[in-house]
Amino acid sequence: MFTKEYALSLLNTGSTEVEALYRRADEVRKHACGEDVFLRGIIEFSNICAADCTYCGIRASNREVERFKIPSDEIVETALAAKSAGITTVVLQAGESQAVSDQELGQIIRRIKEESGLAITLSVGNRSEQTYRYWQACGMDRYLLRFETSDAELFGRVHGSCSLDERLECLRSLRRLGVQTGSGFLIGLPGERLEILADNIMLCRELDLDMIGIGPFIPHPHTPLGSFPNAYADQPEMFFKALAVLRIFNPTAHIPATTAFDAVFPDKGRDLLLQRGANVFMPNITPAKYRSMYLLYPNKPGLVESECECLQCAAHLVKRLGRPIGKGPGHTLKRR
Ligand code: 5AD
């Protein structure tokens, strides 16, 4: 039943049936994950990056970016403040570099764990199994690393130095270690065909992921792909269809309503996603003064603390939908 052909046929759902597709995704979510919406506070702690992904605003070659790294104490304080505000998971995300060394990051993880007991997710790119193991020993519970696209040729074209196999090997390392593993992809990279989108969804299913994050590719003017439109620019409904089909194919994965949807559909993208398959919301808790420097794509919401970029607003949004905020760490729903 869960074949690529079936994924393709669902992605091709016409406008008259699309609401039924969304209702079905919402039902699957409700049945497999329940009504809880889990909040994960994300701290974007450095935009220093050695990688040069052609879509990403903080790529190494973009000289227009002012680079920053948040001092360790401030990262820990931010996490502790989030805990006081009721957050149970923090996500530490940064560019892929040694700007913050493995040891420094290990100490940050240790301090947050010891002082708060928060669940800790890291998202800092391709690393060795040894480094993942060390961070796990420090208290890391989860790791996010999108494969971005399942098409090896397209992957190579946009990433240059890193291959799809290397990325998948990192995901396998994390899985071997027993780290809760998240991955996902960009929707509509230039050159993507619907076939590739279906394959992306199939790969998420094959990898049996604990968490899956996807979002539309948004051209950033200071990148090589800056003047290339999203492959579905003339059918933005495809972004939502992708998430709905992803949910139907991955009933028990935690699926966040990602910020990039709000950049494309201001003030309503994430709201709609929570009603079309998503069950996680990731408020940005990065201290406000750093936010404008972490622009992976333009029109990112929450640069001035507004909309849903504060915890109270996120909680408000969830309540408005009539859903409870998940209590406890919100670990994986998968039993292995
Ligand atoms: N548009 C949308 N998402 C992007 N990301 C990076 N650049 C862009 C862009 N231009 C996403 C990637 C990465 C995540 C942290 O941000 O998928 O994994």
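The values are calculated or read from the model by the stated rules, or taken from the named source; none is laboratory data. In this text the structure is predicted, and so the values were computed from the model without any measurement. Cβ sites come from the backbone with ideal geometry, for glycine too, and all protein chains shown count toward neighbours. Just the protein is used for accessible areas: all its heavy atoms, side chains included, with ligands, DNA and RNA removed. Shrake-Rupley method; radii C 1.70, N 1.55, O 1.52, S 1.80 Å.
Roughly speaking, what is the stretch gain from T131 to R320, that is 0.36 nm per residue apart minus the C-alpha to C-alpha distance, in nm to one decimal?
The T131-R320 span can extend by a further 63.9 nm.
Just read off the accessible area of R157 with the full protein assembly in place, 1.4 Å probe, to the nearest 10 Å².
Surface open to solvent at R157 totals about 130 Å².
Enter the accessible area per residue of the chain (Å², integer; probe 1.4 Å; all protein chains in place).
Solvent-accessible surface per residue comes out at 40 Å².
Okay, helix-only estimate at 222 nm for the chain: each DSSP H run of n ≥ 4 adds -39500 (n - 2.57), divide by all residues, round to 500 deg cm²/dmol; what do you get?
-12000 deg cm²/dmol
Leaving ligands, DNA and RNA out of it, rank V91, V304 by accessible area with a 1.4 Å probe, largest first.
Listed by decreasing accessible area, they come as V304, V91.
Could you sort D141, D262 by their accessible area in this structure, using a 1.4 Å probe and putting the largest first?
Most to least solvent-accessible, the answer reads D141, D262.
Would you grab the residues whose amide H sits under 5 Å from the one on G213? Only those 5+ places off in sequence or on another chain, please, with H modelled 1.01 Å from N.
Those lying under 5 Å, H to H, from G213 are S183, G184, F185.
Check cross-link reach from K4 to the aspartates and glutamates: straight Cα distance under 16 Å, and skip same-chain residues fewer than eight apart.
D151, E192, E195, D199, E206, D208
Identify all aspartates and glutamates with a Cα-Cα distance to K113 below 17 Å; exclude those on the same chain that are fewer than 8 residues away in sequence.
Partners found: D73, E74, E77, D102, E104, D141.
Among residues other than V318 whose Cβ falls under 11 Å from its Cβ, what is the net charge (Lys/Arg +1, Asp/Glu -1)?
Here the count lands on +1.
Order the following by accessible area, largest value first: H316, H31. Probe radius 1.4 Å; ligands, DNA and RNA are ignored.
H31, H316
Counting other Cβ atoms within 10 Å of each Cβ, which GluC sites (Glu not before Pro) in the range 1-56 have at most 13 and sit in a DSSP loop?
In loop regions of the range 1-56 (DSSP not H, G, I, E or B), the sparsely surrounded GluC sites (Glu not before Pro) are E17, E35.
Springs between alpha-carbon pairs under 10 angstrom, Gaussian network model over the chain: which of F38, F68, F239 fluctuates most?
Judging by the Gaussian network model, the answer is F68.
When all alpha-carbon pairs of the chain are counted, what percent fall beyond 38 Å?
The calculated P(r) of the chain puts 7 percent of pairs beyond 38 Å.
Can you say what percent of the DSSP beta bridges in the chain, counting only those with both residues inside, are antiparallel? Round to 5.
Taking every DSSP beta bridge with both residues in the chain, the antiparallel ones total about 5 percent.
Carbon and sulfur atoms: what percent of the 1.4 Å accessible area of the range 4-320 do they account for?
Taking all protein chains in place, the range 4-320 shows 52 percent carbon and sulfur surface.
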